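Beneath this line is the structure, given in structure tokens, with notes to follow.
Please treat every number below as a calculation from the coordinates, not as lab data. Note that the structure is predicted; figures quoted are calculated from it, not measured. Note: ideal-geometry Cβ built from the backbone for every residue, glycine included; neighbour counts use all protein chains shown.
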Amino acid sequence: MSKNNKQKVFSGSNYIIWCCLLFSVAFAGLYGLVDLLLDDYPQWLGLALFGFLAFTVLIVFFVYKKKRDAEIAFENKTLQMEKAMTGLMKDVDIPCILTLPSGIIAWCSKGAYKMFNTHESLLQKNINDLCDVKVDELIETLNEDEIFGNINQGSLPVTILGRKYVAQIHRQTLGKNSYYLITYTDHTEYSMLLDKYEAETPVVAHIVLDNLNEIAEYVRVSYRAAANQIEEILTQFAADMNGFIREYNRDKYIMVFSKEKYKECLENKFEILETIRNVRLGDSSVPVTISMGVSTIGDNFEEKEKNAFSALEFALQRGGDQVAVKTENDIVFYGGRTKGVQKKSGSFARVFATQLVSHIANAGNVLIMGHSNPDFDAIGACVGIARLCMWCGVEPKIVMNTQHKNFEACTEKLLMLEDYKNTFVSAEAGLDLIQSNTLLIIVDANNFNILESSDIAYNVADFIVIDHHRKVAEFENEPLLALIDPSASSASEMITNILEQCLPNDILYKEEANLLLSGIMVDTKNFTKTTGTKTFSAAMYLRGIGANSEIAGTFFHEDFEDFLTEAKFNTNVTMYLDKIAITESNGNDPSFDRVAAAKAADKLLNVRGVEASFALVSINDRIHISARSNGNVNVQLILEKMGGGGHFDSAAAAVSGNDMKAVLYRLKDAIDQYFAEN
């Protein structure tokens, strides 16, 4: 017998009945024992025993009858209450439906008929045919209730006849059968209010004119007239967005509009960029461009404004002419169709140089690092910063792979200098040099994953970034300083401009100047692309110190193995979309293949009609892609879709795996997406 059954048998009036019965049996046994042991006993004893037995039987009967009457009365009252509750529930306006697991309706309230707007009986119909959410889907939301045992509940949003409800399901198990009571709560008005709140949530944007000031310097136009023309377009744009815009500084605006209008901008991919770009100035019809930082996140206007300004900086660091939208999880970009123009003034370089020198002088030790597989630009930039550190009285260490063939090709004379005999260290040695007051200066890269040592970058608290590639992601920690200027030709150019602002003329050695010049030459292809007035100014400064372009040019001489590796790309070229050249190679030697791929992509641009080129090479378990452009196609945006990055007309990516066909398919898909979006 179970514990519960024992409690029922020995509880309440049952206990009295059992006691009486036990006493009756005991006295009956006693009477039999007396009759057995005594031949003669008093008659009164027998009568007493039988009298007590009769009295006990009467008590048992009375107690049992009273208990039974009480049970019947309770059952009648319960039945009446159940009928009353059933009638009450049936007449309430709350939509309630009792179904079987199959969805067949066994009972429903008056409110259910109103909800479905019908007078026909709903009984025996299947709720799955009347509602867009099936009973099985609701059952999947059930959670076991530890307090009430087999009573469960779950909910899902549903739409019935254009109104929105929250359907809540309850399960009750009776024996082997399960029944489901579904109640519907009308959330239509609440949902409308929520949608209205979402639509009217303010979005903050910072807008800056990228190149109007620079255009006005070289094109015969009225700056004020041009600025007024752009301002009229922006004012009309704000009016169309049901927002407002205010100029808070020259060529700088802040704009507030609703999230509903923001979604329209997403649909048309911020066509305001194209509208502004269609404004052409001067005889050469130079397009005007803007950059915009937009924030949809933030608990108040102050946070939204800060996030919008942060997004604007990101857009400018990627070259401008684009919109950067900061969301909860990421930054999304639109535009970026035109190349950036050089716009950092000499005063800006002086301010940055002053701050840089201050941080170097206050550091305990300085580590300098560029990207892995260093090219001449990364090497020259590292050497330029090292000279600046030495001038500040701080001994620098350059973290670099000294076995790389580019390093060996250009540093032979540099390593003869006393200052550089112990300057270059390996990545492993660099980790051992990290202290609490270490300053890391990163050049020619802004992505930690491609640095010579990512471990060093992630373990140093204070770091500074100087780069000319477009920024691809936010830093996990805020740098002390960040100079990211995609309009610059090279990192060597940027650092040369800094050195010019703070170094005396006799401090920089000609060996260092040659390396800086080679860095500019490699990224400008001997001053034939991505050049500006600051590029030539930097070259003139280096030339004045003693740099020799002929000596720097000897660094570019290639080995015979390079020549053979590069030749393989020329024999396997296909055209895509009549203007994209794609070549591939399986590769033989990792030390040569990436350089050969970059050179092959460069040479393909010399083919008439080719606007962009991609060279793919399989190295170990990765396929590396080098991309080049003549300025009409932003290859950086294309390779960003494949996890890469770089510059407007020079980018790269590394894709895991060695399936060349699969990577080619992804590349073509990325190209198609780029042209579809632009």
Protection proxy ranking of 286-292, 97-103, 297-303, 158-164 - average other beta-carbon atoms within 10 Å, highest first
286-292, 97-103, 158-164, 297-303
Please report the orientation-averaged projected area of region 277-335, defined via the convex hull of its C-alpha atoms, in nm².
4.5 nm²
So, in nm, how far is label T141 from label N526 when the simple model puts each one 7 Å beyond its Cα toward the Cβ?
7.1 nm
If I histogram all Cα-Cα distances within region 362-469 using bins 5 Å wide from 0, what percent of pairs lands in each bin?
2, 13, 26, 27, 20, 9, 2, 0
When you have a sec, figure out the Kirkwood radius of region 92-191 from all distinct Cα pair distances and drop it here in Å to one decimal?
13.7 Å
Roughly what % of Cα-Cα distances in region 201-334 sit above 23 Å, to the whole percent?
28 percent
Extending each Cα 7 Å along its Cβ direction at E476 and K252, get the distance between those two points in nm, one decimal.
3.1 nm
Descending principal axes extents, region 560-677, alpha-carbon based, whole Å
40, 31, 23
What is the order of V607, V294, fewest Cβ neighbours within 10 Å to most?
V607, V294
Rg over Rh [alpha-carbon atoms, Kirkwood Rh] for region 346-554:
0.92
